[in-house]
Amino acid sequence: MSFAGRHLVFNGEIYNFRAVRSVLEAAGLAFTTTGDTEVLLKALVHWGPGGLERMRGMFAFLLWDEGTQTLLAGRDPIGVKPLYWRRLSSGAIAFASEAAPLAGLERAAVRPQAVAEFLRFGSPVETTIYEGVHEHPPGTVTLWRPDGAVVREPIPLAHEERPLPEVMRRAIAENTVSDRPVAVFLSGGFDSAAIAAGLSAEGISATGLTISTDANASDVARARETAAHYGLDHRVVHVAGADATGAVDRFLAAMDQPTIDGLNTLLVSEVASSVGFPVALSGLGGDEVLGGYGYHRRWRLLGTAARVWRASPPSVRGSIERALAGRGLRTDTQVRELLAASGTAARYDGWRSLFTADEVVRLTGSRSALPDPVDIPPGEPLRDQLWRLDARRYLGPTLLRDADVFSMTVGVEVRVPLLDTSVVDAALGSPPQGKAGLARQWEDPYLKRLAAGRKLTFALPWRAWIGATLRANRQALEVDDPWHGSIDPAEAHRHIDRAASGPGAALRCWALLVLAEWLRCRSAAPHPKGRPA
């Protein structure tokens, strides 16, 4: 869209665009459309990048100014919408919402550090898998000038003074603004129930969509209860184990960058698309913002366990490691690294790791490829430290990246109201209260009951599905080097041979298969995803 010599390319949604439009109209600007794109364009022309402080939503945009011959790029503060860029040999700069098309413009090598990051965390975390293809940082604007100068500035955020439940209800209501039907990805957990509660409080009707598998009967039952309690129309779609192979094949084909996550997003997005809902609200981000993960609540206990382990003789440490491994989805070696870690950032990396640092070194042959721990400001409260770590290591590079790739591949736009900047600011700007505290402040008995009960999550029958997938793809993994020199095949096969030894080992096998398939597809295609320049 163009106006006054400026040309805008925009991906996303500005949820409060009507309020911003009213301010611009009062300043004398006229509008010819009823959507948010024109509002963003004229706000940038009228206020410059400072106008983004007024925007609540998810966005990635480019603004070309004919008069100054400058290009402005920006991305929302949380990084919900992706934006990648690459400087070509001609000097031109190319942009896209996925990394693979940029890698296909001029052949790009795989970044060894990104392979190590994938093995460590299940996805590349620092930037993309490709050499020279960069991810634009969230919450910033970048100005490219004709002389080659590049100026990057943070997007200022407005501070929220209102109570968190009020802010959250408003964000949920604004996220439903759409000219297409809107659904809710409804699990049996607190986060999607909070979205249902917000819709009910605002008098907004919606349809809840739930997937049932062979492993989540309790989750489905609770989702039915939530839908009935808040008056949502509810649809449950069963995904049988026999359908898993086809779903996994579609998942592997849709990958932009290698990732172990996102199959659940693809499945529920396919359901949404098939029943006519191109827009869906997700509870993604609730655990990060509200401290809902188990390690958030038990972090100090982890520190205590680590001190006991370090004080124990070597003959006792092994029994401690096995006991803790038996209570979670981790191997003995992962538990050992977690207990030996020093400092919050290193311990977090140990908790989030797929392969330990030593295992990654053996797989890649390089210790220098390991990602450094995230810098934590001295004296920062633990809640803020964990939010910072979640955002850098998991929320951004895995959950949000995968949600966009695997929903948009079937034409579904996923919105995440619990990551609205106003919600994040209100949650992090108040004393830690968790989900139980939010439910009390909301004064909702149903949410109080969910917050006090056992945490339920959307569960896939991973052990059975991974076993079937490995059997179906065994031939692909039996070639001399299915990883194309990126990792040591002998070391990788040692992990695959241990696939039946536990959930943690099975997930590692899934990761090795994902990496092999991603590298195979990339090497077989003249351009990644078959998209030539």
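The values are calculated or read from the model by the stated rules, or taken from the named source; none is laboratory data. Computed from a predicted structure; not experimentally measured. A quick note on method: Cβ atoms are made from the backbone with ideal geometry, for glycine too, and the neighbour counts reach across all protein chains shown. Just the protein is used for accessible areas: all its heavy atoms, side chains included, with ligands, DNA and RNA removed. Shrake-Rupley method; radii C 1.70, N 1.55, O 1.52, S 1.80 Å.
For the chain, the average shadow cast by the Cα convex hull is 25.5 nm², which is a quarter of the hull's surface. Relative contact order of the chain: 19 percent, from C-alpha pairs under 8 Å at least 6 residues apart in sequence.
I'd like the FRET efficiency for VAL308 and ALA94, computed as 1/(1 + (r/R0)^6) with the beta carbon distance as r and R0 of 56 Å, rounded to 0.05.
Step by step, r from the Cβ atoms, then E = 0.55.
If one computes the Cα centroid of the stretch 274-313 and of the stretch 146-205, what distance in Å separates the two points? Rounded to whole Å, the Cα centres lie 21 Å apart. Counted over the chain, the DSSP beta bridges are approximately 70% antiparallel. Across the accessible surface of the stretch 30-88, with the other protein chains kept in place and a 1.4 Å probe, carbon and sulfur atoms take up 52 percent. On the basis of the beta-carbon distance and an R0 of 45 Å, VAL151 and VAL316 show a calculated FRET efficiency of 0.20. Using 0.36 nm per residue and subtracting the Cα-Cα separation, the extra length available between ALA468 and PHE3 on full extension is 161.9 nm.
Please tell me the relative contact order of the stretch 1-157 in percent, rounded to the nearest whole number, where contacts are Cα pairs under 8 Å and at least six residues apart. Please report the intermediate quantities before stating the final value.
Working: 270 pairs, mean separation 34.0, N = 157.
Across the stretch 1-157, relative contact order equals 22 percent.
Expressed as a whole number of Å, what is the distance separating the alpha-carbon centroids of the stretch 372-448 and the stretch 61-100? The stretch 61-100 and the stretch 372-448 have Cα centres spaced 26 Å from each other.
For the chain, the number of Lys pairs with C-alpha atoms closer than 30 Å, counting only pairs eight or more positions apart or on separate chains, is 6. Once the whole set of protein chains is in place, how much accessible area is left on PHE118, using a 1.4 Å probe, in Å² to the nearest 10? We get 0 Å² for PHE118. For the stretch 382-480, what % of the accessible area comes from carbon and sulfur atoms, probe 1.4 Å? The computed percentage sits at 51.
Estimated purely from DSSP H runs of n ≥ 4, each contributing -39500 (n - 2.57), the mean residue ellipticity at 222 nm for the chain is -13500 deg cm²/dmol once divided by its residues. A simple spin-label model places the labels of GLU131 and SER342 3.5 nm from each other, with each point 7 Å out along Cα-to-Cβ.
Once the Cβ-Cβ distance between ASP243 and ALA476 is put in as r, and R0 is 25 Å, what FRET efficiency do you end up with, to the nearest 0.05?
0.75
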